[in-house]
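Single-structure report; data block below.
The numbers here are math on the coordinates, done by the rules we state, and not lab data. A quick note: this is a predicted structure, and the numbers were derived from the prediction, not measured. Because the Cβ atoms are built from the backbone with ideal geometry, glycine has one as well, and the counts that use them run over all protein chains shown.
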Amino acid sequence: MASEKSAFVALLDATPVTVNNYNIAEVKHALDDSVRKILTKDHKFIEDNTHVDRKLLLGFSSCFFAIGGALYGHFNDFQESKLLVTIAIVLYSILNSSMLLYTWFVEKDTIFVGVRKGNGSDEKILVSAKCNKAKAEYFVKLSISGKKPVSNAFTKSFGAWFDVDGELAADVLVRDVGSLLVDKKSQ
């Protein structure tokens with residue numbers, strides 16, 4: 001696979017990822033998205049969107065109650081609608097708070113959950129990432145469960161993957177993510 005060009009690198013040849021190096025959130029989101037694309041395009045993992053689906057359900061439900069309460073209050077007299085509008089506001093607040101708590105306590109730092117169908121068994125993968133803003137470092141932890149369990153992590157500076165103009169060095173990131181997938185204990 002060393003001589004083959006990565007599908008992710010080929011994709012970035014057409015549309016390179018460029019970020020503002022001084023915006024840590026933008027750099028982290030670009031790296032998170034790139035890691036997800038590398039795992040799906042190059043390593044054939046299928047993303048499990050359960051976390052996203054649950055947050056979308058909570059978000060859409062809260063908007064449904066907010067819009068419903070607003071429309072009811074708009075078309076009806078204030079005295080008649082104030083109870084229903086109050087209930088809609090409370091439900092909106094509860095659902096949005098639930099979404100925030102879900103993100104903090106369940107999803108945490110998870111950026112990718114997926115599965116790769118294999119010869120007789122499936123490999124499940126969980127990738128989490130954090131950034132240290134003070135040191136401009138990106139920490140990635142990957143664990144795979146299946147026939148050959150793997151658990152690896154690394155911390156690198158943002159400068160390892162972005163040049164001074166903010167363009168992503170995709171080949172370096174592909175190599176680093178690929179190194180996480182290898183069981184280093186068996187070598």
> So between S157 and N119, what do we pick up on full extension, going 0.36 nm a residue minus the alpha carbon distance?
Replying inline: 10.0 nm
>> Given axes a ≥ b ≥ c from the Cα gyration tensor, I'd like to know whether segment 82-136 is rounded (a/c under 1.5), prolate (a/b larger than b/c) or oblate.
In response: oblate
> How large is ³J(HN,Hα), in whole Hz, for each residue of segment 83-94 in order, when computed from phi with the Karplus curve 6.51 cos²θ - 1.76 cosθ + 1.60 and θ = phi - 60°, using x for Gly and Pro?
Replying inline: 5, 5, 5, 5, 4, 4, 5, 5, 4, 4, 5, 5
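How much of the pair distance distribution for segment 51-107 lies past 17 Å, counting alpha-carbon pairs only, in percent?
41
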> Longest exposed-loop-site-free stretch of the chain, with trypsin sites (Lys or Arg not before Pro), DSSP loop and at most 16 other Cβ within 10 Å?
Replying inline: 45-107
> What are the principal axis extents of the Cα atoms in the chain, in Å, biggest first?
Replying inline: 72, 45, 32
> Measuring from label point to label point, each 7 Å out along Cα→Cβ, what is the L83 to V52 span in nm?
Replying inline: 4.2
> Roughly how many debye, to the nearest 20, is the charge dipole of segment 113-165 about its Cα centre, given +1 on each Lys and Arg Cβ, -1 on each Asp and Glu Cβ, and no other charges?
Replying inline: 280
